[in-house]
1. For a label point 7 Å from the Cα of residue 120 along Cα→C-beta, name the residues of the range 93-110 whose backbone N is under 18 Å from it.
2. Could you identify which residue out of 100, 35, 26 has the top mean-square fluctuation in a GNM of the chain using Cα springs shorter than 10 Å?
3. Between 113, 32, 21, whose Cα lies farthest towards the positive end of the dipole of the chain when Lys and Arg beta carbons carry +1 and Asp and Glu beta carbons carry -1, centred on the Cα centre?
4. To the nearest Å, what is the center-to-center distance of the range 68-123 and the range 1-46, using C-alpha atoms only?
5. Please compute the modelled spin-label separation between residue 14 and residue 71, points set 7 Å along Cα→Cβ, answer in nm with one decimal.
6. Could you look at the chain and say what percent of its accessible area is carbon and sulfur, using a 1.4 Å probe and all protein chains?
7. Out of the DSSP beta bridges found with both residues in the chain, what percent are antiparallel (nearest 5)?
8. Rounded to the nearest whole Å², what accessible area per residue is found for the chain with the 1.4 Å probe?
Amino acid sequence: QVQLVESGGGLVQAGGSLRLSCAASGRTFSMYAMGWFRQAPGKEREIVAAIMWIGGSTYYADSVKGRFTISRDNAKNTLYLQMNSLKPEDTAVYYCAAAGAGDGVRQATYDYWGQGTQVTVSS
């Protein structure tokens, strides 16, 4: 079992920045990949970014490339999402997730999910 606790969400103005954190505990040695997903009102949940826990290769959705950066601190078992140049369309509930195996991109490969944290970007 892996437990994920998110923090860092909030209200920011368009063009601003926000940094999300996700602290993992439990069987963290089994983690293969971690990712950030988001779900906006009336929309399906979508992947934002993912990172392989060992090796650090990354994936980004086209909508956030050049603006968001995913990173991890292996020693602290913590995942981060640095969000810059935020836009109103980035408004969503953001979820942290962990996968024990798989490609680390498809949602089906993720086994554990955080509670979600609200990010609201005002125009």
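The values are calculated or read from the model by the stated rules, or taken from the named source; none is laboratory data. This is a predicted model, so every value here is computed, not measured. All Cβ positions, glycine included, derive from the backbone under ideal geometry; neighbour counts span all protein chains shown. Note: accessible area is taken over every heavy atom of the protein model, side chains too, but ligands, DNA and RNA are not part of it. Shrake-Rupley method; radii C 1.70, N 1.55, O 1.52, S 1.80 Å.
1. Label zone hits: 93-95.
2. 26
3. Of the options given, the answer is 21.
4. Spelled out, the Cα-based centre of one part sits 3 Å from the other.
5. Calculated label separation equals 2.8 nm.
6. For the chain, the apolar C and S fraction of the accessible surface comes to 49 percent.
7. 90 percent
8. Details: 6090 Å² over 123 residues.
Computed with neighbouring chains in place, this is 49 Å² per residue.
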